[in-house]
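Let me begin by presenting the structure, written as structure tokens, before commenting on it.
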């Protein structure tokens with residue numbers, strides 16, 4: 001999660017339940033991961049019909065596979081740039097023989113669905129943790145760990161032209177897609193879905209330029225459907241709490257941010273949160289396809305510098321985001337406890353939030 005308050009909450013929850021888990025041991029990535037991805041890829045591609053997958057009891061695996069099935073055509077496109085020793089890891093659960101918390105890392109910079117040598121997406125990567133039995137079956141109880149962090153980084157160098165003179169107005173500053181869905185011991189669940197801004201948003205400012213305002217209208221409607229109250233009734237997903245000022249710049253007005261602790265929390269994750277994730281993810285890819293079309297038609301050129309040759313604010317915003325996440329990632333204590341300091345620090349620095357040069 002990308003706010004200090006969220007980090008504090010997550011760290012308290014982690015300290016409450018992680019005594020159940022041991023240190024990492026030698027682990028080979030299961031063959032089932034590849035076959036699972038290929039199955040999902042064969043079943044789904046991005047289309048105007050917005051195909052949805054059915055609800056299953058595997059919690060965040062379906063979120064993970066849904067996203068990757070939309071992004072890639074073959075399993076070979078995954079894990080470009082992820083060192084072999086960071087692809088996966090496993091930590092045994094104390095007092096539960098054969099049960100482990102398995103971590104899986106994925107990353108790619110190739111997106112064939114955009115069909116361009118100059119992709120408007122520069123990077124997609126995910127970190128997925130799942131408590132599994134010895135048979136690699138997900139184990140879902142109020143005392144197990146299940147985590148997905150899924151982020152899509154757009155090209156920050158896309159510029160926008162005026163409609164009349166076709167002169168460059170500035171950089172588009174497309175938002176980052178960010179999804180954090182976390183279930184921790186004690187039946188504690190955190191949800192954050194957002195189109196995270198990289199440009200400073202003044203009060204009342206738009207997240208997207210006018211050319212793409214219809215996407216912002218769709219995003220607003222989706223957000224309202226899941227987190228706004230109607231006629232005094234409780235919202236579908238309750239607001240998770242105030243966001244501290246130092247982190248507000250990385251949250252849009254359409255952030256779906258919630259904490260779930262009720263007895264039916266897992267049911268809500270498997271229904272409302274699952275549906276919201278699909279809607280946010282699909283809309284973001286629709287936006288990327290629209291921008292990609294404009295780039296291909298030279299309606300939105302790309303350049304790393306602005307009109308006076310200075311580094312553009314969208315690029316600086318992504319760099320600030322990466323630095324903030326590297327320094328404040330609330331998953332760090334949990335990952336260190338499960339998999340050790342060395343592996344954790346390399347994952348954060350090399351895969352999750354790598355330097356942007």
Hey, any hits in segment 269-286 for a residue that's more than 19 Å from residue 67 (Cβ to Cβ) and surrounded by fewer than 19 Cβ atoms within 10 Å (Cβ to Cβ)? no
Single unsatisfied condition, residue 300 versus (1) closer than 19 Å to residue 176 by Cβ; (2) at pLDDT below 95; (3) assigned to a helix (DSSP H, G or I): (3)
Near pairs, Cβ below 8 angstrom, 6+ apart or cross-chain, from segment 193-208 (without any contact (Cβ under 8 Å) to a residue 12 or more places away in the chain) to any residue that is surrounded by fewer than 17 Cβ atoms within 10 Å (Cβ to Cβ): 206/213
Say we look at segment 208-227 and pick out the residues that are touching a helix residue (DSSP H, G or I) at 6+ places or on another chain (Cβ under 7 Å) and surrounded by fewer than 22 Cβ atoms within 10 Å (Cβ to Cβ); which of these is nearest to residue 324 (Cα to Cα)? 208
In segment 73-99, what residues are exposed (fewer than 15 other Cβ atoms within 10 Å of the Cβ) and modelled with pLDDT under 85? 73, 74, 76, 80, 81, 95
Starting from residues that are outside any loop (DSSP other than H, G, I, E, B) and surrounded by fewer than 22 Cβ atoms within 10 Å (Cβ to Cβ), keep the ones in segment 244-256 and report whichever is modelled with the highest pLDDT. 249
Pull up segment 121-141, narrow it to residues that are in contact (Cβ under 8 Å) with a residue 60 or more places away in the chain and surrounded by fewer than 20 Cβ atoms within 10 Å (Cβ to Cβ), then point me to the one that is farthest from residue 173 (Cα to Cα). 136
If you go through segment 100-119, how many residues are at pLDDT below 95 and either part of a loop (DSSP other than H, G, I, E, B) or farther than 20 Å from residue 353 by Cβ (or both)? 11
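The values are calculated or read from the model by the stated rules, or taken from the named source; none is laboratory data. Everything numeric here is computed off the predicted structure, so don't read it as measured data. With ideal geometry, Cβ positions are generated from the backbone for all residues, glycine too; neighbour counts draw on all protein chains shown.
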